[in-house]
Amino acid sequence: MSRLTLFISFVGLAALSCTLIPSLATQAPGPTAEPLPTLDAPTVVSDIPQNVFAPPDNFVELYNRVNPGVVTIYTFAAPHPDTVPLGQGSGFVIDTEGHIVTNQHVVEGAEEIEVDFPSGFKAWGILIGTDPDSDLAVLKVDAPPEELFPIPLGDSDQVMVGEFVVAIGNPFGLSGTMTVGVVSAIGRVLQSERQAPGGGSFSAGDLIQTDAAINPGNSGGPLLNLRGEVIGVNRAITSESFTVSGSASNSGVGFAVPVNIVRRVIPALIQSGDYDYPYLGITSLGDGSLNLRQLEFLELPSRSLGVYITCVVRGGPADRAGLQGAGTCGAPDASAGGDLIIAIDGETVVSFSDLISYLVTDASVGESIMLTVIRDGEIVDVPLTLEPRP
């Protein structure tokens with residue numbers, strides 16, 4: 001059975017919602033022009049061990065500190081009966097005003113949203129805003145102060161491959177489940193939830209890969225470091241294993257939206273309900289596509305690393321900047337003649353993941369950037385002004 005990358009919201013009480021993530025297009029995020037509210041600065045829980053390379057002495061203490069801020073989310077919508085949830089996922093509290101972070105796909109299509117706290121308290125959630133590009137959403141609940149336990153946010157720029165992480169959520173409806181693993185990789189790219197003009201999808205970048213067990217129902221829950229800080233929002237899994245009911249099961253390859261994207265997106269959603277991402281207007285070969293045979297076919301040096309442009313969207317920022325594509329828009333194979341992006345603002349670009357991660361975490365709409373490309377064997381600097389995704 002072929003490998004499938006699956007979104008992991010738990011639908012109904014027996015069935016699962018699965019969305020294929022095929023190959024990716026190009027683009028990514030930045031802050032809006034107006035000042036935005038900021039999320040609380042990271043809070044270090046001083047009496048949880050600080051060594052990220054060894055498990056803490058007491059996972060029980062970490063769980064007891066964090067779990068009160070992790071919630072279960074139920075969604076309701078026709079044609080399901082009024083008392084039967086359409087789907088179920090996870091979320092977590094980020095402030096004392098009652099804001100809850102989860103995945104966009106957890107609440108997509110919901111007419112009513114129920115938020116259940118570990119204490120047993122239940123409240124209806126109001127959807128404040130969604131961002132299909134990062135697959136994030138923010139809810140607000142009317143809850144007494146004693147029910148709100150905000151989980152401190154960490155810094156995903158400091159996340160390192162090999163460090164221990166903890167996931168807490170509601171896999172298969174089992175609320176408050178804690179699993180432990182390591183960071184397997186950083187800077188991964190997945191397809192976003194938003195369609196690009198002309199077909200295909202935009203890309204969501206800089207994701208954290210982990211082998212901590214996450215399963216359907218973990219969507220929207222926190223991925224934490226050993227200080228009890230959120231470093232990511234669990235979003236998706238890649239799996240070749242399925243339960244007897246056809247549900248995807250954990251295979252040790254899960255993905256989380258990094259918390260520094262949460263820090264950029266959620267304040268904008270709270271303020272205006274949406275978020276603008278920088279847009280290049282190109283498509284390219286994906287990661288790992290530049291094997292030696294392809295480099296020879298594309299007439300590139302054998303040591304070439306970077307992002308090969310297969311198509312430049314007419315009228316987009318890249319087109320106006322004069323970037324050149326191979327002219328293979330929509331075609332499965334690339335031909336020679338496209339620019340190879342090797343750097344952005346002086347930062348080396350080895351792969352498509354590097355380009356998307358930079359745009360996601362360091363670039364903004366309206367900002368001018370400098371792309372360095374190899375064109376006809378020459379190194380050329382191309383200035384470009386980023387625009388919002390159409």
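The values are calculated or read from the model by the stated rules, or taken from the named source; none is laboratory data. Just so you know, these numbers come straight off a predicted model, no measurement behind them. Reconstructed Cβ throughout: ideal geometry from the backbone, glycine too, with neighbour counts over all protein chains shown.
Where in the range 283-390 are there helices (runs of 4 or more DSSP H), lying wholly inside it, with at least 3 residues that are over 24 Å from VAL257 (Cα atoms)?
Correct list: 292-297, 317-321.
Considering the range 203-216 alone, what residues qualify as being under 14 Å from the mean Cα position of the chain (by Cα) and surrounded by fewer than 24 Cβ atoms within 10 Å (Cβ to Cβ)?
Step one: list which residues in the range 203-216 are under 14 Å from the mean Cα position of the chain (by Cα), which gives 203-210.
Residue satisfying the conditions is GLN209 alone.
Within the range 217-229, can one find any residue that is surrounded by fewer than 19 Cβ atoms within 10 Å (Cβ to Cβ) and over 20 Å from VAL106 (Cβ atoms)?
Restricting attention to the range 217-229, the residues satisfying the condition of being surrounded by fewer than 19 Cβ atoms within 10 Å (Cβ to Cβ) are none.
No, the range 217-229 contains no residue that is surrounded by fewer than 19 Cβ atoms within 10 Å (Cβ to Cβ) and over 20 Å from VAL106 (Cβ atoms).
Residues being in contact with a Pro (Cβ under 8 Å, 6 or more places away or on another chain) and in contact (Cβ under 8 Å) with a residue 40 or more places away in the chain: count how many of those fall in the range 288-315.
Residues meeting the conditions: 1.
Here are some residues: VAL182, VAL165, VAL189. Which one is within 19 Å of the chain's Cα centre (by Cα), over 19 Å from GLN104 (Cβ atoms), assigned to a strand (DSSP E or B) and touching a residue at least 60 places away in the same chain (Cβ under 8 Å)?
VAL165
Scan the range 342-390 for residues that are at pLDDT 95 or above, touching a helix residue (DSSP H, G or I) at 6+ places or on another chain (Cβ under 7 Å) and more than 28 Å from ALA185 (Cβ to Cβ) and jot them down.
Those that are at pLDDT 95 or above, touching a helix residue (DSSP H, G or I) at 6+ places or on another chain (Cβ under 7 Å) and more than 28 Å from ALA185 (Cβ to Cβ): VAL382, PRO383, LEU384, THR385.
Kindly indicate whether any position in the range 93-116 is more than 24 Å from ASN225 (Cβ to Cβ) and touching a His at 6+ places or on another chain (Cβ under 9 Å).
no
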